[in-house]
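In what follows, a single structure is set out as C-alpha coordinates and then discussed.
The values are calculated or read from the model by the stated rules, or taken from the named source; none is laboratory data. Source: prediction; values computed, not measured. Counting neighbours? That spans all protein chains shown, and the Cβs are built from the backbone with ideal geometry, glycine included. Just the protein is used for accessible areas: all its heavy atoms, side chains included, with ligands, DNA and RNA removed. Shrake-Rupley method; radii C 1.70, N 1.55, O 1.52, S 1.80 Å.
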Amino acid sequence: MDQAKGSQKASVTPYEEVLDALSSLITKRSRADPSIKGDRFDLLFDYIKILDLEEPISKLKIIHVAGTKGKGSTCTFTEAILRNCGFHTGLFTSPHLIDIRERFRLDGMDICEEKFLAYFWWCYDRLKENTNDDVPMPTFFRFITLLAFKIFTAEQVDVAILEVGLGGRFDSTNVVQAPIVCGISSLGYDHMEILGNTIGEIAGEKAGIFKHGVPAFTVSQPDEAMRVLEEKASRLDVHLQVVPPLDANLLNGIKLGLEGEHQYLNAGLAVALCSTWLQRTGHLEVANLQQNSSLPEQFIRGLTTASLQGRAQIVPDQHIDIERSGDLVFYLDGAHSPESMEVCARWFSLAIKEDSQQQTLNYQPQDDTRSSNELIQRDFGGRSRKNSTQILLFNCMSVRDPQLLLPNLLKTCASHGVHFKKALLVPNISVYHKVGSHALSSTDSQVDLSWQFTIQRVWENLVQGKKGVDAQSMDAVCEEVKDDTELCVKNCANSAVFSSLPIAIKWLRDYVQQNQSIRFQVLVTGSIHLVGDVLKLAKK
(Lines give C-alpha, C1' and ligand atoms only; values in the text may rest on other atoms or scores of the structure.)
Protein backbone atom coordinates (compact mmCIF):
# COMPACT_ATOMS: atom_id res chain seq x y z
CA MET A 1 0.00 0.00 0.00
CA ASP A 2 2.78 2.46 1.01
CA GLN A 3 4.73 1.55 -2.12
CA ALA A 4 1.68 2.31 -4.27
CA LYS A 5 1.33 5.69 -2.56
CA GLY A 6 5.00 6.41 -3.16
CA SER A 7 4.81 5.59 -6.87
CA GLN A 8 1.65 7.70 -7.17
CA LYS A 9 3.44 10.65 -5.56
CA ALA A 10 6.46 10.16 -7.78
CA SER A 11 4.22 10.36 -10.88
CA VAL A 12 2.92 13.84 -9.96
CA THR A 13 4.36 16.37 -12.41
CA PRO A 14 5.74 19.77 -11.31
CA TYR A 15 2.66 21.37 -12.91
CA GLU A 16 0.29 19.13 -10.91
CA GLU A 17 2.18 20.08 -7.75
CA VAL A 18 1.36 23.73 -8.46
CA LEU A 19 -2.30 22.87 -9.08
CA ASP A 20 -2.45 21.02 -5.77
CA ALA A 21 -0.89 23.98 -3.96
CA LEU A 22 -3.41 26.31 -5.64
CA SER A 23 -6.27 24.02 -4.64
CA SER A 24 -5.17 24.32 -1.01
CA LEU A 25 -5.98 28.05 -1.20
CA ILE A 26 -9.63 27.42 -2.05
CA THR A 27 -11.08 27.60 1.44
CA LYS A 28 -14.81 27.61 0.67
CA ARG A 29 -17.14 26.14 -1.91
CA SER A 30 -19.16 29.31 -2.46
CA ARG A 31 -17.95 32.87 -2.91
CA ALA A 32 -20.95 33.93 -0.82
CA ASP A 33 -19.72 31.89 2.15
CA PRO A 34 -19.86 34.17 5.22
CA SER A 35 -16.82 32.55 6.89
CA ILE A 36 -14.29 34.81 5.21
CA LYS A 37 -11.18 34.63 7.33
CA GLY A 38 -8.34 35.92 5.17
CA ASP A 39 -10.75 37.82 2.95
CA ARG A 40 -10.40 41.27 4.56
CA PHE A 41 -9.63 43.73 1.77
CA ASP A 42 -6.86 45.46 3.71
CA LEU A 43 -4.88 42.20 3.85
CA LEU A 44 -4.13 42.61 0.16
CA PHE A 45 -1.80 45.49 0.93
CA ASP A 46 0.07 43.26 3.42
CA TYR A 47 0.52 40.63 0.71
CA ILE A 48 1.79 43.24 -1.75
CA LYS A 49 4.39 44.37 0.82
CA ILE A 50 5.49 40.78 1.45
CA LEU A 51 6.00 40.34 -2.31
CA ASP A 52 7.73 43.73 -2.73
CA LEU A 53 5.22 44.67 -5.39
CA GLU A 54 4.19 48.18 -4.21
CA GLU A 55 6.52 50.15 -6.47
CA PRO A 56 6.35 47.77 -9.48
CA ILE A 57 2.50 47.89 -9.47
CA SER A 58 2.55 51.69 -9.26
CA LYS A 59 4.56 51.74 -12.52
CA LEU A 60 2.14 49.51 -14.46
CA LYS A 61 0.00 51.34 -17.05
CA ILE A 62 -3.29 49.65 -16.24
CA ILE A 63 -6.71 49.43 -17.91
CA HIS A 64 -9.24 48.25 -15.31
CA VAL A 65 -12.63 46.83 -16.39
CA ALA A 66 -15.66 45.84 -14.29
CA GLY A 67 -19.22 44.90 -15.30
CA THR A 68 -21.79 42.12 -15.23
CA LYS A 69 -21.79 41.11 -18.89
CA GLY A 70 -19.14 41.65 -21.53
CA LYS A 71 -16.18 42.62 -19.35
CA GLY A 72 -14.14 39.62 -20.53
CA SER A 73 -14.96 40.39 -24.17
CA THR A 74 -14.14 44.08 -23.66
CA CYS A 75 -10.76 43.15 -22.14
CA THR A 76 -10.09 40.71 -25.00
CA PHE A 77 -10.82 43.36 -27.66
CA THR A 78 -8.71 45.91 -25.73
CA GLU A 79 -5.70 43.60 -25.51
CA ALA A 80 -5.94 42.65 -29.20
CA ILE A 81 -6.10 46.31 -30.29
CA LEU A 82 -3.08 47.39 -28.23
CA ARG A 83 -1.08 44.31 -29.21
CA ASN A 84 -1.73 45.17 -32.87
CA CYS A 85 -0.55 48.70 -32.10
CA GLY A 86 2.82 47.12 -31.24
CA PHE A 87 2.62 47.09 -27.42
CA HIS A 88 3.79 44.31 -25.09
CA THR A 89 0.49 43.32 -23.43
CA GLY A 90 -0.54 41.55 -20.24
CA LEU A 91 -4.13 40.37 -19.84
CA PHE A 92 -5.64 38.99 -16.61
CA THR A 93 -9.12 37.43 -16.95
CA SER A 94 -11.31 34.84 -15.26
CA PRO A 95 -12.40 32.14 -15.11
CA HIS A 96 -10.28 29.71 -17.11
CA LEU A 97 -11.97 27.02 -19.19
CA ILE A 98 -9.36 24.27 -19.51
CA ASP A 99 -6.03 25.42 -18.06
CA ILE A 100 -5.39 27.98 -15.31
CA ARG A 101 -2.64 29.57 -17.45
CA GLU A 102 -5.43 30.99 -19.67
CA ARG A 103 -5.95 33.65 -16.97
CA PHE A 104 -2.49 35.14 -17.58
CA ARG A 105 -1.86 36.15 -21.19
CA LEU A 106 1.29 37.77 -22.52
CA ASP A 107 1.03 39.23 -26.02
CA GLY A 108 -2.19 37.31 -26.61
CA MET A 109 -0.83 33.90 -25.57
CA ASP A 110 -1.31 31.94 -22.34
CA ILE A 111 1.80 32.22 -20.18
CA CYS A 112 4.13 29.29 -20.87
CA GLU A 113 4.35 26.52 -18.28
CA GLU A 114 8.01 27.21 -17.44
CA LYS A 115 7.40 30.86 -16.55
CA PHE A 116 4.15 30.05 -14.77
CA LEU A 117 5.90 27.54 -12.47
CA ALA A 118 8.76 29.93 -11.70
CA TYR A 119 6.51 32.91 -10.86
CA PHE A 120 4.07 30.73 -8.93
CA TRP A 121 6.68 29.35 -6.52
CA TRP A 122 8.34 32.77 -6.17
CA CYS A 123 5.05 34.16 -4.83
CA TYR A 124 3.84 31.08 -2.97
CA ASP A 125 7.07 30.46 -1.04
CA ARG A 126 7.41 34.10 0.10
CA LEU A 127 3.82 34.22 1.25
CA LYS A 128 4.13 30.86 3.07
CA GLU A 129 7.21 32.12 4.93
CA ASN A 130 5.72 35.47 5.94
CA THR A 131 2.05 34.81 6.71
CA ASN A 132 0.63 33.92 10.13
CA ASP A 133 -2.65 33.76 12.07
CA ASP A 134 -3.18 37.53 11.76
CA VAL A 135 -2.19 37.65 8.09
CA PRO A 136 -3.13 34.19 6.75
CA MET A 137 -2.32 32.86 3.27
CA PRO A 138 -4.42 34.64 0.63
CA THR A 139 -7.43 32.82 -0.73
CA PHE A 140 -7.38 31.43 -4.27
CA PHE A 141 -8.52 34.43 -6.35
CA ARG A 142 -6.45 36.85 -4.28
CA PHE A 143 -3.38 34.72 -4.82
CA ILE A 144 -3.79 34.51 -8.58
CA THR A 145 -4.36 38.29 -8.74
CA LEU A 146 -1.08 38.81 -6.87
CA LEU A 147 0.53 36.31 -9.24
CA ALA A 148 -0.76 38.32 -12.22
CA PHE A 149 0.84 41.47 -10.78
CA LYS A 150 4.12 39.60 -10.32
CA ILE A 151 4.02 38.24 -13.87
CA PHE A 152 3.17 41.58 -15.51
CA THR A 153 5.72 43.59 -13.52
CA ALA A 154 8.52 41.04 -14.00
CA GLU A 155 7.74 40.75 -17.73
CA GLN A 156 7.69 44.57 -17.97
CA VAL A 157 4.50 44.76 -20.02
CA ASP A 158 3.65 48.09 -21.65
CA VAL A 159 0.01 47.73 -20.65
CA ALA A 160 -1.79 45.50 -18.11
CA ILE A 161 -5.49 44.89 -18.78
CA LEU A 162 -7.26 43.69 -15.63
CA GLU A 163 -10.73 42.13 -15.62
CA VAL A 164 -12.45 42.46 -12.24
CA GLY A 165 -13.29 39.06 -10.78
CA LEU A 166 -16.40 39.93 -8.77
CA GLY A 167 -17.99 43.31 -8.08
CA GLY A 168 -15.27 45.95 -8.01
CA ARG A 169 -15.01 47.78 -4.71
CA PHE A 170 -13.57 44.83 -2.75
CA ASP A 171 -12.26 42.81 -5.68
CA SER A 172 -8.60 41.91 -5.34
CA THR A 173 -7.75 43.70 -8.59
CA ASN A 174 -8.90 46.95 -6.92
CA VAL A 175 -5.62 47.38 -5.04
CA VAL A 176 -4.63 49.37 -8.12
CA GLN A 177 -4.36 52.99 -6.99
CA ALA A 178 -3.84 54.84 -10.28
CA PRO A 179 -5.02 53.07 -13.45
CA ILE A 180 -4.74 54.96 -16.73
CA VAL A 181 -8.43 54.44 -17.57
CA CYS A 182 -11.40 52.45 -16.23
CA GLY A 183 -14.34 50.79 -17.98
CA ILE A 184 -17.74 49.47 -16.86
CA SER A 185 -19.43 47.06 -19.28
CA SER A 186 -23.17 46.24 -19.25
CA LEU A 187 -24.69 45.86 -15.78
CA GLY A 188 -27.33 43.34 -14.80
CA TYR A 189 -28.45 41.03 -12.03
CA ASP A 190 -25.75 38.53 -11.06
CA HIS A 191 -23.97 37.52 -7.84
CA MET A 192 -26.81 39.26 -5.98
CA GLU A 193 -26.03 37.23 -2.86
CA ILE A 194 -22.82 39.29 -2.63
CA LEU A 195 -23.35 42.53 -4.55
CA GLY A 196 -26.90 43.52 -3.56
CA ASN A 197 -30.48 43.05 -4.69
CA THR A 198 -31.01 46.17 -6.80
CA ILE A 199 -29.31 47.30 -9.98
CA GLY A 200 -28.31 50.46 -8.10
CA GLU A 201 -26.52 48.49 -5.38
CA ILE A 202 -24.76 46.38 -8.00
CA ALA A 203 -23.70 49.54 -9.91
CA GLY A 204 -22.32 50.97 -6.66
CA GLU A 205 -20.09 47.93 -6.18
CA LYS A 206 -18.84 48.03 -9.78
CA ALA A 207 -18.16 51.79 -9.56
CA GLY A 208 -15.78 50.97 -6.70
CA ILE A 209 -12.98 50.77 -9.31
CA PHE A 210 -13.28 54.51 -10.08
CA LYS A 211 -10.21 56.44 -8.92
CA HIS A 212 -9.92 60.18 -8.31
CA GLY A 213 -9.45 62.05 -11.57
CA VAL A 214 -9.03 58.91 -13.71
CA PRO A 215 -11.29 58.95 -16.82
CA ALA A 216 -13.88 56.20 -17.11
CA PHE A 217 -16.15 54.87 -19.83
CA THR A 218 -19.35 52.86 -19.76
CA VAL A 219 -22.04 51.69 -22.16
CA SER A 220 -25.74 52.52 -22.04
CA GLN A 221 -27.10 51.29 -18.67
CA PRO A 222 -30.50 51.03 -16.95
CA ASP A 223 -31.49 54.45 -15.52
CA GLU A 224 -31.00 53.49 -11.87
CA ALA A 225 -27.53 52.06 -12.58
CA MET A 226 -26.51 55.11 -14.61
CA ARG A 227 -27.58 57.48 -11.82
CA VAL A 228 -25.37 55.61 -9.34
CA LEU A 229 -22.39 55.52 -11.72
CA GLU A 230 -22.70 59.26 -12.41
CA GLU A 231 -23.00 60.08 -8.70
CA LYS A 232 -19.90 58.01 -7.81
CA ALA A 233 -17.98 59.54 -10.73
CA SER A 234 -18.94 63.08 -9.70
CA ARG A 235 -17.78 62.48 -6.14
CA LEU A 236 -14.33 61.39 -7.36
CA ASP A 237 -13.95 64.02 -10.10
CA VAL A 238 -14.08 61.22 -12.68
CA HIS A 239 -14.95 62.22 -16.24
CA LEU A 240 -17.46 59.45 -17.10
CA GLN A 241 -18.50 59.05 -20.73
CA VAL A 242 -21.15 56.76 -22.24
CA VAL A 243 -19.85 55.04 -25.37
CA PRO A 244 -22.18 53.99 -28.22
CA PRO A 245 -21.86 50.55 -29.87
CA LEU A 246 -19.17 50.38 -32.54
CA ASP A 247 -20.44 51.23 -36.02
CA ALA A 248 -19.95 48.04 -38.05
CA ASN A 249 -19.18 50.15 -41.13
CA LEU A 250 -15.87 51.16 -39.55
CA LEU A 251 -14.55 47.59 -39.93
CA ASN A 252 -14.29 47.77 -43.75
CA GLY A 253 -16.62 44.83 -44.27
CA ILE A 254 -14.81 42.44 -41.86
CA LYS A 255 -16.66 40.76 -38.98
CA LEU A 256 -15.72 41.24 -35.35
CA GLY A 257 -13.54 38.44 -34.00
CA LEU A 258 -16.14 37.68 -31.30
CA GLU A 259 -19.54 36.53 -32.52
CA GLY A 260 -22.87 38.17 -31.66
CA GLU A 261 -24.54 41.56 -32.13
CA HIS A 262 -23.91 42.48 -28.47
CA GLN A 263 -20.16 42.44 -29.16
CA TYR A 264 -20.42 45.79 -30.97
CA LEU A 265 -21.25 47.29 -27.57
CA ASN A 266 -18.11 45.74 -26.03
CA ALA A 267 -16.02 46.70 -29.07
CA GLY A 268 -17.13 50.34 -28.78
CA LEU A 269 -16.08 50.37 -25.12
CA ALA A 270 -12.73 48.77 -25.99
CA VAL A 271 -12.02 51.40 -28.66
CA ALA A 272 -12.70 54.20 -26.15
CA LEU A 273 -10.46 52.56 -23.52
CA CYS A 274 -7.61 52.05 -26.01
CA SER A 275 -7.73 55.53 -27.52
CA THR A 276 -7.76 57.11 -24.04
CA TRP A 277 -4.90 54.86 -22.87
CA LEU A 278 -2.89 55.88 -25.94
CA GLN A 279 -3.57 59.59 -25.35
CA ARG A 280 -2.79 59.50 -21.62
CA THR A 281 0.44 57.55 -22.13
CA GLY A 282 1.67 59.94 -24.81
CA HIS A 283 1.31 57.73 -27.88
CA LEU A 284 -0.28 60.42 -29.99
CA GLU A 285 0.77 58.85 -33.30
CA VAL A 286 -2.01 56.24 -32.95
CA ALA A 287 -4.31 58.11 -30.60
CA ASN A 288 -5.68 60.74 -32.99
CA LEU A 289 -8.79 59.00 -34.23
CA GLN A 290 -12.42 59.88 -34.64
CA GLN A 291 -14.55 56.77 -34.08
CA ASN A 292 -17.40 58.21 -36.13
CA SER A 293 -15.28 58.60 -39.26
CA SER A 294 -12.54 55.95 -39.35
CA LEU A 295 -10.52 53.52 -37.28
CA PRO A 296 -6.75 52.99 -37.51
CA GLU A 297 -5.78 49.78 -39.29
CA GLN A 298 -4.30 48.42 -36.02
CA PHE A 299 -7.68 48.84 -34.28
CA ILE A 300 -9.51 47.03 -37.09
CA ARG A 301 -6.97 44.18 -37.00
CA GLY A 302 -7.35 43.83 -33.23
CA LEU A 303 -11.15 43.90 -33.28
CA THR A 304 -11.47 41.40 -36.11
CA THR A 305 -8.86 38.89 -34.88
CA ALA A 306 -9.71 38.87 -31.15
CA SER A 307 -10.67 35.42 -29.88
CA LEU A 308 -12.15 34.18 -26.62
CA GLN A 309 -12.97 30.58 -25.86
CA GLY A 310 -16.41 29.70 -24.56
CA ARG A 311 -18.22 32.79 -25.82
CA ALA A 312 -20.36 32.18 -28.91
CA GLN A 313 -17.99 29.40 -29.97
CA ILE A 314 -18.90 26.61 -32.38
CA VAL A 315 -17.07 23.28 -32.08
CA PRO A 316 -17.84 20.07 -34.01
CA ASP A 317 -17.42 16.97 -31.88
CA GLN A 318 -14.04 15.52 -32.77
CA HIS A 319 -14.93 12.08 -31.41
CA ILE A 320 -17.37 11.41 -34.23
CA ASP A 321 -16.18 9.73 -37.45
CA ILE A 322 -14.42 12.49 -39.43
CA GLU A 323 -16.73 12.02 -42.43
CA ARG A 324 -19.71 12.73 -40.18
CA SER A 325 -18.16 15.29 -37.84
CA GLY A 326 -20.84 17.86 -38.63
CA ASP A 327 -23.58 15.59 -37.27
CA LEU A 328 -22.82 16.61 -33.68
CA VAL A 329 -21.90 20.25 -33.19
CA PHE A 330 -21.61 22.08 -29.86
CA TYR A 331 -22.61 25.75 -29.68
CA LEU A 332 -20.87 27.00 -26.54
CA ASP A 333 -21.68 30.15 -24.60
CA GLY A 334 -20.99 30.75 -20.92
CA ALA A 335 -24.12 32.90 -20.38
CA HIS A 336 -25.34 32.73 -16.78
CA SER A 337 -27.49 35.81 -16.18
CA PRO A 338 -31.05 36.49 -17.46
CA GLU A 339 -29.82 39.18 -19.86
CA SER A 340 -26.88 37.18 -21.25
CA MET A 341 -29.16 34.13 -21.62
CA GLU A 342 -31.34 36.15 -23.99
CA VAL A 343 -28.27 37.28 -25.98
CA CYS A 344 -27.02 33.67 -26.11
CA ALA A 345 -30.40 32.40 -27.36
CA ARG A 346 -30.44 35.02 -30.11
CA TRP A 347 -26.89 34.11 -31.19
CA PHE A 348 -27.68 30.36 -31.23
CA SER A 349 -30.87 30.86 -33.23
CA LEU A 350 -29.09 32.97 -35.87
CA ALA A 351 -26.03 30.67 -35.95
CA ILE A 352 -28.05 27.53 -36.70
CA LYS A 353 -30.03 29.45 -39.32
CA GLU A 354 -26.70 30.36 -40.97
CA ASP A 355 -25.71 26.70 -40.79
CA SER A 356 -28.89 25.56 -42.51
CA GLN A 357 -28.33 28.15 -45.24
CA GLN A 358 -24.88 26.56 -45.81
CA GLN A 359 -22.92 29.66 -44.92
CA THR A 360 -19.54 29.61 -43.22
CA LEU A 361 -19.69 28.89 -39.50
CA ASN A 362 -17.58 31.16 -37.35
CA TYR A 363 -15.69 28.37 -35.60
CA GLN A 364 -13.01 29.74 -33.25
CA PRO A 365 -10.81 26.92 -31.99
CA GLN A 366 -7.54 27.37 -30.13
CA ASP A 367 -5.64 25.59 -32.85
CA ASP A 368 -5.94 23.89 -36.24
CA THR A 369 -8.47 26.50 -37.40
CA ARG A 370 -8.19 25.83 -41.09
CA SER A 371 -8.66 22.07 -40.93
CA SER A 372 -11.66 22.41 -38.61
CA ASN A 373 -13.31 24.97 -40.87
CA GLU A 374 -12.60 22.81 -43.91
CA LEU A 375 -14.04 19.85 -42.05
CA ILE A 376 -17.31 21.72 -41.46
CA GLN A 377 -17.38 23.09 -45.02
CA ARG A 378 -16.60 19.79 -46.71
CA ASP A 379 -19.59 18.06 -45.19
CA PHE A 380 -22.12 20.80 -45.89
CA GLY A 381 -23.38 19.15 -49.07
CA GLY A 382 -24.25 15.88 -47.37
CA ARG A 383 -25.59 17.46 -44.21
CA SER A 384 -27.83 19.97 -45.98
CA ARG A 385 -30.19 17.09 -46.80
CA LYS A 386 -30.46 16.11 -43.14
CA ASN A 387 -32.93 17.37 -40.59
CA SER A 388 -31.47 19.35 -37.71
CA THR A 389 -32.45 18.75 -34.10
CA GLN A 390 -31.68 21.21 -31.31
CA ILE A 391 -30.63 19.91 -27.90
CA LEU A 392 -29.93 21.97 -24.77
CA LEU A 393 -27.07 20.89 -22.48
CA PHE A 394 -27.44 22.90 -19.30
CA ASN A 395 -26.32 23.45 -15.75
CA CYS A 396 -26.12 26.54 -13.54
CA MET A 397 -24.74 27.25 -10.10
CA SER A 398 -27.23 26.83 -7.26
CA VAL A 399 -26.89 30.54 -6.34
CA ARG A 400 -28.59 31.34 -9.66
CA ASP A 401 -32.30 31.00 -10.33
CA PRO A 402 -33.24 28.75 -13.28
CA GLN A 403 -36.71 30.33 -13.18
CA LEU A 404 -35.06 33.59 -14.28
CA LEU A 405 -32.62 32.03 -16.77
CA LEU A 406 -34.64 29.40 -18.64
CA PRO A 407 -37.76 31.42 -19.60
CA ASN A 408 -35.54 34.00 -21.36
CA LEU A 409 -33.77 31.22 -23.25
CA LEU A 410 -36.97 29.44 -24.30
CA LYS A 411 -38.85 32.61 -25.24
CA THR A 412 -36.03 34.10 -27.34
CA CYS A 413 -35.35 30.82 -29.17
CA ALA A 414 -39.09 30.32 -29.82
CA SER A 415 -39.36 33.84 -31.26
CA HIS A 416 -36.79 32.71 -33.87
CA GLY A 417 -38.64 29.45 -34.53
CA VAL A 418 -36.15 27.33 -32.57
CA HIS A 419 -37.50 24.63 -30.23
CA PHE A 420 -35.41 22.15 -28.25
CA LYS A 421 -36.20 18.48 -28.63
CA LYS A 422 -34.61 17.72 -25.26
CA ALA A 423 -32.80 19.43 -22.39
CA LEU A 424 -29.94 17.39 -20.92
CA LEU A 425 -29.17 18.41 -17.33
CA VAL A 426 -25.84 17.50 -15.76
CA PRO A 427 -23.60 18.36 -12.80
CA ASN A 428 -20.29 20.04 -13.70
CA ILE A 429 -17.19 17.85 -13.89
CA SER A 430 -15.07 20.64 -12.47
CA VAL A 431 -15.52 21.17 -8.77
CA TYR A 432 -15.01 24.46 -6.99
CA HIS A 433 -12.55 23.17 -4.41
CA LYS A 434 -10.01 21.77 -6.91
CA VAL A 435 -7.93 23.16 -9.76
CA GLY A 436 -6.69 21.12 -12.72
CA SER A 437 -7.64 18.28 -15.01
CA HIS A 438 -7.23 15.72 -12.24
CA ALA A 439 -9.88 17.53 -10.16
CA LEU A 440 -12.95 15.74 -11.43
CA SER A 441 -16.12 15.14 -9.50
CA SER A 442 -17.50 11.66 -9.00
CA THR A 443 -19.30 10.08 -11.93
CA ASP A 444 -20.90 7.31 -9.91
CA SER A 445 -24.52 7.07 -8.78
CA GLN A 446 -23.66 8.66 -5.41
CA VAL A 447 -23.36 12.16 -6.89
CA ASP A 448 -26.00 14.57 -5.53
CA LEU A 449 -28.36 15.41 -8.39
CA SER A 450 -31.02 17.23 -6.36
CA TRP A 451 -30.16 20.56 -8.02
CA GLN A 452 -30.42 19.01 -11.50
CA PHE A 453 -33.86 17.60 -10.59
CA THR A 454 -34.90 21.11 -9.51
CA ILE A 455 -33.78 22.51 -12.89
CA GLN A 456 -35.62 19.66 -14.62
CA ARG A 457 -38.89 20.54 -12.85
CA VAL A 458 -38.52 24.18 -13.93
CA TRP A 459 -37.84 23.16 -17.55
CA GLU A 460 -40.70 20.65 -17.74
CA ASN A 461 -43.15 23.12 -16.19
CA LEU A 462 -42.12 25.78 -18.73
CA VAL A 463 -42.37 23.46 -21.75
CA GLN A 464 -45.51 21.62 -20.59
CA GLY A 465 -47.09 24.98 -19.81
CA LYS A 466 -46.41 26.11 -23.38
CA LYS A 467 -48.06 22.94 -24.65
CA GLY A 468 -51.07 23.49 -22.41
CA VAL A 469 -50.32 20.43 -20.26
CA ASP A 470 -51.02 20.58 -16.53
CA ALA A 471 -47.61 21.09 -14.91
CA GLN A 472 -48.60 18.86 -11.99
CA SER A 473 -48.68 15.85 -14.29
CA MET A 474 -44.95 16.20 -14.97
CA ASP A 475 -43.87 13.36 -12.66
CA ALA A 476 -46.36 11.01 -14.33
CA VAL A 477 -44.96 12.02 -17.72
CA CYS A 478 -41.45 11.31 -16.44
CA GLU A 479 -42.44 7.84 -15.30
CA GLU A 480 -43.90 6.98 -18.71
CA VAL A 481 -40.80 7.97 -20.68
CA LYS A 482 -38.33 5.10 -20.96
CA ASP A 483 -34.67 5.45 -21.86
CA ASP A 484 -33.46 2.29 -23.55
CA THR A 485 -29.80 3.18 -23.04
CA GLU A 486 -30.23 3.28 -19.23
CA LEU A 487 -27.66 6.07 -19.19
CA CYS A 488 -29.86 8.81 -17.78
CA VAL A 489 -31.09 8.93 -14.21
CA LYS A 490 -34.48 10.55 -14.79
CA ASN A 491 -35.97 10.79 -18.28
CA CYS A 492 -38.96 13.06 -18.88
CA ALA A 493 -40.85 14.03 -22.02
CA ASN A 494 -38.69 17.11 -22.64
CA SER A 495 -35.60 16.58 -20.48
CA ALA A 496 -33.22 14.05 -18.99
CA VAL A 497 -30.91 14.20 -15.96
CA PHE A 498 -27.54 12.47 -16.22
CA SER A 499 -25.24 11.63 -13.31
CA SER A 500 -22.23 13.07 -15.15
CA LEU A 501 -21.31 15.10 -18.21
CA PRO A 502 -19.25 12.30 -19.85
CA ILE A 503 -22.31 10.03 -19.66
CA ALA A 504 -24.49 12.72 -21.27
CA ILE A 505 -21.90 13.18 -24.06
CA LYS A 506 -21.83 9.38 -24.59
CA TRP A 507 -25.64 9.40 -24.85
CA LEU A 508 -25.42 12.14 -27.50
CA ARG A 509 -22.73 10.31 -29.48
CA ASP A 510 -24.70 7.05 -29.37
CA TYR A 511 -27.85 8.89 -30.46
CA VAL A 512 -26.00 10.41 -33.43
CA GLN A 513 -24.75 6.98 -34.51
CA GLN A 514 -28.27 5.55 -34.30
CA ASN A 515 -29.94 8.44 -36.18
CA GLN A 516 -27.76 9.00 -39.21
CA SER A 517 -30.35 11.10 -41.06
CA ILE A 518 -30.28 13.78 -38.34
CA ARG A 519 -27.63 16.28 -37.28
CA PHE A 520 -27.61 17.47 -33.70
CA GLN A 521 -26.99 21.08 -32.75
CA VAL A 522 -26.29 21.23 -29.02
CA LEU A 523 -26.44 24.53 -27.17
CA VAL A 524 -24.19 24.38 -24.08
CA THR A 525 -24.89 27.22 -21.65
CA GLY A 526 -25.73 28.27 -18.08
CA SER A 527 -22.23 27.86 -16.64
CA ILE A 528 -18.80 28.83 -17.93
CA HIS A 529 -17.44 25.80 -16.04
CA LEU A 530 -19.80 23.49 -17.96
CA VAL A 531 -18.62 25.09 -21.22
CA GLY A 532 -14.98 24.41 -20.26
CA ASP A 533 -15.79 20.80 -19.37
CA VAL A 534 -17.55 20.23 -22.71
CA LEU A 535 -14.60 21.77 -24.60
CA LYS A 536 -12.26 19.25 -22.95
CA LEU A 537 -14.49 16.32 -23.91
CA ALA A 538 -15.42 17.52 -27.42
CA LYS A 539 -11.76 17.84 -28.36
CA LYS A 540 -10.81 14.38 -27.16
Selection count, the range 48-70, where residues are open to solvent by less than 10 Å² (accessible area, probe 1.4 Å) and either polar (S, T, N, Q) or over 18 Å from Ala160 (Cα atoms) (or both): 1
Filtered residue count, the range 71-81, keeping only those that are open to solvent by 10 Å² or more (accessible area, probe 1.4 Å) and more than 18 Å from His96 (Cβ to Cβ): 0
In the range 389-428, the residues that are open to solvent by less than 60 Å² (accessible area, probe 1.4 Å), polar (S, T, N, Q) and in a loop (DSSP other than H, G, I, E, B): Asn395, Asn428
Residue, nearest to the chain's Cα centre (by Cα), within the range 351-373, restricted to residues that are at pLDDT below 50 and outside any loop (DSSP other than H, G, I, E, B): Thr369
Search result, residues across the range 492-513 that are within 21 Å of Leu406 (Cα to Cα) and in a helix (DSSP H, G or I): Leu501, Ala504
Some residue of the range 519-534 being modelled with pLDDT of 90 or more and farther than 30 Å from Ile100 by Cβ: yes
Filter result for Leu162 (more than 19 Å from Thr74 (Cα to Cα), in contact with a Phe, Trp or Tyr (Cβ under 8 Å, 6 or more places away or on another chain) and of a type outside the set (D, E, K, R)): no
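A quick yes/no check of all residues on (1) buried (at least 24 other Cβ atoms within 10 Å of the Cβ); (2) out of contact with any strand residue (DSSP E or B) (no Cβ under 6 Å at 6 or more places or on another chain):
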{"residue": "Leu523", "(1), (2)": "yes, no"}
{"residue": "Ser527", "(1), (2)": "no, yes"}
{"residue": "Leu530", "(1), (2)": "yes, yes"}
{"residue": "Leu537", "(1), (2)": "no, yes"}
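For the range 514-536, give me the residue count where each residue is in a helix (DSSP H, G or I) and touching a residue at least 40 places away in the same chain (Cβ under 8 Å).
9
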Residue within the range 264-284 that is without any contact (Cβ under 8 Å) to a residue 12 or more places away in the chain, over 30 Å from Glu354 (Cβ atoms), open to solvent by 60 Å² or more (accessible area, probe 1.4 Å) and part of a helix (DSSP H, G or I) present: yes
Some residue of the range 164-172 being open to solvent by 10 Å² or more (accessible area, probe 1.4 Å) and among the β-branched types (Val, Ile, Thr): no
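In this structure, is Ala216 of a type outside the set (Ser, Thr, Tyr), in contact with a Cys (Cβ under 7 Å, 6 or more places away or on another chain) and on the phi < 0 side of the Ramachandran plot?
In short, yes.
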Hits in the range 317-350 - residues which are modelled with pLDDT of 90 or more, within 22 Å of the chain's Cα centre (by Cα), open to solvent by less than 10 Å² (accessible area, probe 1.4 Å) and farther than 17 Å from Ser73 by Cα: Val329, Phe330, Tyr331, Ala345, Phe348, Ser349
Every pair of residues 6+ apart whose Cβ atoms lie under 9 Å, when the first sits in the range 17-41 and is farther than 27 Å from Phe116 by Cβ and β-branched (Val, Ile, Thr) while the second is at pLDDT 90 or above and open to solvent by less than 50 Å² (accessible area, probe 1.4 Å): Ile36/Thr139
Residue match in the range 172-195 (condition: touching a residue at least 12 places away in the same chain (Cβ under 8 Å), out of contact with any helix residue (DSSP H, G or I) (no Cβ under 7 Å at 6 or more places or on another chain), over 25 Å from Thr153 (Cβ atoms) and acidic (Asp, Glu)): yes
Among (1) out of contact with any strand residue (DSSP E or B) (no Cβ under 7 Å at 6 or more places or on another chain); (2) aromatic (Phe, Trp, Tyr); (3) surrounded by 17 or more Cβ atoms within 10 Å (Cβ to Cβ), the one test that Phe45 misses: (3)
Scan of the range 117-157 for residues that are in contact with a His (Cβ under 9 Å, 6 or more places away or on another chain), open to solvent by less than 60 Å² (accessible area, probe 1.4 Å) and over 20 Å from Asp99 (Cβ atoms), ordered by number: Val157
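Take the conditions open to solvent by less than 40 Å² (accessible area, probe 1.4 Å), under 22 Å from Gly334 (Cβ atoms) and at pLDDT 90 or above and apply them to Val18. Does it pass? Break it down into steps so the answer makes sense when it comes.
Working: open to solvent by less than 40 Å² (accessible area, probe 1.4 Å): yes; under 22 Å from Gly334 (Cβ atoms): no; at pLDDT 90 or above: yes.
No; evaluated as a whole, the condition is false for this residue.
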Condition broken by Ser94, with the remaining ones in (1) more than 29 Å from Glu259 (Cα to Cα); (2) touching a residue at least 40 places away in the same chain (Cβ under 8 Å); (3) open to solvent by 10 Å² or more (accessible area, probe 1.4 Å); (4) among the polar types (S, T, N, Q) satisfied: (1)
Any chance Phe217 is touching a strand residue (DSSP E or B) at 6+ places or on another chain (Cβ under 7 Å), among the aromatic types (Phe, Trp, Tyr) and within 24 Å of Gly90 (Cβ to Cβ): yes
